[in-house]
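Structure, as structure tokens:
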Amino acid sequence: MSDNWSHIAKAEFLAITSRFRHRRKRVATVLMIVCPLWAIVVAPWIVSSLLILWFGSEYTAALKFLFPGMMRSLVLMIWIILFLGPISAALQEIKIGQWEILLSHNVKTRDILVGSFLAGIPVYGLFVIVAAPVVLGPLVVAYEVSIFGQLLIYSVIFFVTISAVWLSLLLGTALQSKLGRSERGRDIATAFSVITGLLILLAIYVVQLVPAEFAAVMQSSSMDWLPSSWGADLVTWIAVMCNGVGLSASDLRILGSMLGFGPSISFILLMATFVGTIGLALFTSDRLFRIEAGARTETVVTTGRENLILRGLRRLSSSSFTVLVITSLKDFGRKAQNVTSLGFGMILAIVFPLMINYSVGATDPDRVFFYFIISSNMMLSIVGAITFGGIAFMESKNHLWIIKSTPDGVFKYVKARIAQSLLLAIPVVFIYTIIASKMMAFGLVQSIGAILGCCMAISGAVMISTGVTANNPNYEDRESKIFRDNTGAIMVTLMVSILGSALGLGLLTGFENLALLAYGPGVVLMIVGLSMVYVGAKRLALPD
Amino acid sequence: MNENGLAIQTETLGKTFGTIHAIRSLTLEVPIGSIFGLLGPNGAGKTTTVRILSGLMKQSSGCARVCGLDIETQRDQVKSITGLLPESPGIYSKLSAVEFLEFIGALNRRNGDSLLRRIDSLLSLLGLEERQNDLLESYSSGMKQKVLVASTLLHEPELVFLDEPTSRLDPSASSLVKDLILVLADETETSFFICTHMTSFAEEVCDVIGIICEGKLMTVGSPEQIIESVDAADLEEAYLRIVGGRVDREQLLAWRA
Ligand SMILES: Nc1ncnc2c1ncn2[C@@H]1O[C@H](COP(=O)(O)OP(=O)(O)O)[C@@H](O)[C@H]1O
Ligand SMILES: [Mg+2]
């Protein structure tokens, strides 16, 4: 093996830390002082104060036997986030184009793997030092784990972290090298990344929603074989062995029965997995998969006859605006990530009304309706903004030049985009409201009102997200800074518009007129959306 | 419609990006029906000039009229009678060539059967009819360039801006584009404003050439006039003399020392 990997590691590290490029040394020194202080003094102090607040000073007794299951859920979460997260990110934008230059210097896939892994280690180390004391704080505090024990615990966590990262990198790279060869594969990769992203969210959601049930499931003996459980059990063992509270023999027996394997076996299993994955990676890379500059496309997709809906649209109107909307629909529908998000939105629209009890205990029908509209507004506007906003607004600056070089082109384009989004969003809203109205036993008037309120919310959200993106167009992918800035701005605008207007209107009218409070936020969203689209399109159309 | 017979008229046009002077005091007149070539090295300011003239960018100083229309106050009219081929092809990857051209047509307020007929004939002229329903993501950059050339001609503009039209095309495709330009200029009143760094292309196609370097227009004239004015053998030599591109052999290898 050549030493290419070390050059790659260095370059990647410089890229990762480029934000501090003039202050790398100073930042490192500060971190070296702050981090141990944080981990050993500050974080445990915060955590113990919070524990006393919640459980009283007897918290050790209250928590003692909850830890084994809790640790397993926590470590599993770390695993899921660190394992699926990078895969999701890597598949979002396949980097083979950037790798082409490395490949032209005869760099092995293995070098790229090892190089990017090593470059990430300081960052993950930092992550562990900052996050672990908070997450593991209750355990450390409750068992009064000695400093030495804490060091051991954080090392185990660091170890779990980097083995998750390593495996993630391996799988991500293998998938990228396989899928990156064709345009179709890249579509699949993007769709897959959206799904993994949602899986992570779902997992976090479940853990937060039903932590006790989740911990109970994690404690069952079938979970003994999950690699993350070995790390978790090892952490609990260390805490027990280095405890400063004097656990009784019977305590130890109960705890031991809750944990899967003994400390040494857990340790060996954990080690074996790590070494095994490294061996696997070094063996399979360049053999089973290799990063290479692939053909532009494997399959050439030929468009066929337009589908029924598009032909119907053409029959309805043959104006040039219709043509723009149809083009926009085709472009949107042919991108796998859009279809995935739309499908996900559809599933949410069906599942949400079945799962959520909107009434929050209220019985007054007007109040129930108000709660329903407000929570639906929030859910639908977020889904609408994520599905139709930001991403792939335009593919490149040249794309914008082409549109700009036509008379009034930007406005036509933006209008067509909004029409396209609404054509897709409104049916989803109908499905959602109809199911919800059935579940909530709304009458006809309230059902129509629900549809109206939800349509206003999603139209407003679509316009807000289009406006924000037009104001600051994003030509890249979900990884880019502009995209993140825009998403943040969109979410803040949505929440401020909905909650702010409900609160403001409530304060003005003394929270009496519930119909006003229910429809007000939708109207406000529409007004904010219209003005943001106007400003955004206006600014996009300005000559440079 | 245009009283003085000029397709382009600029007066001390200037553009700065911060401290960079992309173009300086550009004064130029291009008569209707002519094929004007703006010749210059990379970074000379050709793209900037085209963007300003086609209404995509604001000049920092000076003024300009395109087909008698002021580029600042009549921007949308300028856009509807001009076509622009941007520097590098960036087009919808998920549309087919036909769908993309329909989109551009619709942005220019054209639609219906006449548009589709025109798309068909342009695509077959450019040799793309067999692939015309394939998604553009599978096109080579030369093929995309051809689609973009078609898109600039779709709405029968009076003036066409082409920014490096042949830099990605193979010899036969670029000679096709050359012929297309010559025929269109001959048969219709269409004027062309072409940026290029290729002297041979400029020599073969353009009736008037302006050489630009570091934002300054160095000279304007027919290829023959320019060659004569610096007493060169051909346009390439004249160009190199004017922009000062000759570097002697020793200097060329100095970096190896
Ligand atoms: N958007 C921009 N921001 C800053 N500088 C620019 C921008 N566009 C062009 N320039 C600068 O203006 C000069 C002329 O560029 P350009 O017109 O693209 O040259 P050409 O097309 O002749 O190669 C270059 O120095 C370039 O760096
Ligand atoms: Mg240029």
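The values are calculated or read from the model by the stated rules, or taken from the named source; none is laboratory data. Quick caveat: nothing in here was measured; it's all calculated off a predicted structure. Please note: Cβ atoms are built from the backbone with ideal geometry, for glycine as well, and neighbour counts cover all protein chains shown. These area figures cover heavy atoms from the full protein model, side chains too; ligands, DNA and RNA do not enter into them. Shrake-Rupley method; radii C 1.70, N 1.55, O 1.52, S 1.80 Å.
For chain A, take the longest principal axis of its alpha carbons; what is the angle in degrees between that and the long axis of helix A:444-471, to the nearest 10 within 0 to 90? Tilt relative to chain A: about 80 degrees. Fully extending the segment from A:W54 to A:I147 would add 31.0 nm, taking 0.36 nm per residue of separation and subtracting the current Cα-Cα distance. Summarising the amide proton neighbourhood of B:D163: residues at separation of 5 or more, or on other chains, whose placed amide H is nearer than 5 Å comprise B:L85, B:C195.
Taking A:K108 as the anchor, which aspartates and glutamates have their alpha carbon closer than 12 Å to its alpha carbon, excluding any fewer than eight residues away along the same chain? Here the aspartates and glutamates satisfying the reach criterion relative to A:K108 are A:D3, A:E100, A:D286, A:E292. Heavy-atom surface analysis with a 1.4 Å probe gives the protein assembly as shown a carbon and sulfur content of 64 percent of its accessible area. Look at the dipole of chain A built from charges on Cβ: of A:A336, A:I162, A:S376, the Cα furthest out on the positive end belongs to A:A336. Think of chain A as a dipole: +1 on every Lys or Arg Cβ, -1 on every Asp or Glu Cβ, centred on the Cα centre; then among A:P68, A:L255, A:I426, A:I426 lies furthest on the positive end.
Converting phi to 3J(HN,Hα) with the Karplus coefficients 6.51, -1.76 and 1.60 and the offset θ = phi - 60°, the stretch B:61-70 yields 8, x, 8, 8, 10, 10, 6, x, 9, 6 Hz in sequence order, with x at every glycine or proline. Rounded to the nearest 500, the helix-only mean residue ellipticity at 222 nm of chain B stands at -11000 deg cm²/dmol, with each DSSP H run of n ≥ 4 adding -39,500 (n - 2.57). Surface analysis of the stretch A:312-541 yields an accessible area of 41 Å² per residue, using protein heavy atoms and a 1.4 Å probe.
Starting from the residue with the highest accessible area, list A:Y358, A:Y534 in decreasing order, probe 1.4 Å.
Details: A:Y358 10, A:Y534 125 Å².
Sorted by accessible area, descending: A:Y534, A:Y358.
Each chain gives up part of its surface: B and A jointly bury about 3700 Å² of accessible area, both sides summed, for a 1.4 Å probe.
Over the Cα atoms of the stretch A:312-541, what is the Rg over Rh ratio if Rh follows Kirkwood? Rg divided by Rh gives 0.99.
Computed per residue of chain A from DSSP H runs no shorter than four, each worth -39500 (n - 2.57), the mean residue ellipticity at 222 nm is -25500 deg cm²/dmol. Ligands, DNA and RNA aside, B:L39 has an accessible area near 0 Å² when probed at 1.4 Å. Using heavy atoms of the protein chains and a probe of 1.4 Å, the accessible area assigned to A:I81 is about 70 Å².
Taking amide H atoms as placed 1.01 Å from N in the peptide plane, the amide H of B:G62 lies under 5 Å from those of B:G14, each 5 or more residues away in sequence or on another chain. The distance linking the stretch A:381-451 with the stretch B:138-181 is 36 Å (Cα centroid to Cα centroid, whole angstrom). Projecting label points 7 angstrom from Cα along Cα→Cβ for A:S250 and A:L542 puts them 7.6 nm apart. Rolling a 1.4 Å probe over the heavy atoms of the protein chains gives the stretch B:6-256 an accessible area of 42 Å² per residue.
I need the shape label for the stretch B:1-125. Rule: rounded when a/c is under 1.5, else prolate if a/b > b/c, else oblate, with a, b, c from the alpha carbon gyration tensor. All intermediate terms of the calculation are to be shown ahead of the outcome.
Working: a/c = 2.19, a/b = 1.59, b/c = 1.37.
Verdict is prolate for the stretch B:1-125.
Only bridges whose two residues both fall in the protein assembly as shown count here: according to DSSP, what percent of them are antiparallel, nearest 5?
Values: 22 of 41 bridges.
Taking every DSSP beta bridge within the protein assembly as shown, about 55 percent pair in antiparallel fashion.
How much FRET efficiency would the formula 1/(1 + (r/R0)^6) give for A:R287 and A:K438, where r is the Cβ-Cβ distance and R0 is 51 Å, rounded to 0.05? Step by step, r from the Cβ atoms, then E = 0.35. Say R0 is 51 Å: what FRET efficiency, to the nearest 0.05, do A:V34 and A:I426 get from their beta-carbon distance? FRET efficiency, A:V34 to A:I426: 0.50.
Multiplying the residue separation of B:T19 and B:E224 by 0.36 nm and subtracting their alpha-carbon distance yields 70.2 nm. With a cut-off of 15 Å on the backbone N, the residues of the stretch A:484-517 near the modelled label site 7 Å out from A:D364 along Cα-Cβ are A:506-507, A:509-517.
A probe of 1.4 angstrom, applied to the heavy atoms of all protein chains, finds A:W230 with accessible area near 20 square angstrom.
Can you sort A:D187, B:D186 by solvent-accessible area, 1.4 Å probe, largest first? Show your work: numbers first, answer last.
On the way: A:D187 30, B:D186 125 Å².
Result of the area sort, largest leading: B:D186, A:D187.
Ranking B:V208, A:V42, A:V145, A:V496 by solvent-accessible area of protein heavy atoms (1.4 Å probe, all protein chains present), from largest to smallest, gives A:V496, A:V42, B:V208, A:V145. The value obtained for chain B, namely the Cα convex hull volume divided by the number of residues, is 157 Å³ per residue. On the principal axes of its alpha-carbon atoms, the protein assembly as shown has extents of 105, 81, 47 Å, going from largest to smallest. Taking a straight line from the alpha carbon of B:K216, these lysines sit under 21 Å away, with near neighbours fewer than eight places off in the same chain left out: B:K15, B:K46, B:K58.
Take every Cα pair under 8 Å in chain B that's 6+ residues apart, average their separations, divide by the length, and report that relative contact order as a whole percent. Relative contact order comes out at 25 percent.
Relative to the longest principal axis of the Cα atoms of chain A, the long axis of helix A:43-55 makes an angle of roughly 80 degrees.
Which FRET efficiency value, to the nearest 0.05, is calculated for B:K58 and A:S531 with the Förster distance at 22 angstrom and r the Cβ-Cβ distance? Each step should come with its number before you reach the end.
Details: r = 25 Å, r/R0 = 1.12.
It comes to 0.35.
Angle of helix A:263-284 to the longest C-alpha principal axis of chain A, folded into 0 to 90 degrees and rounded to 10: 50°.
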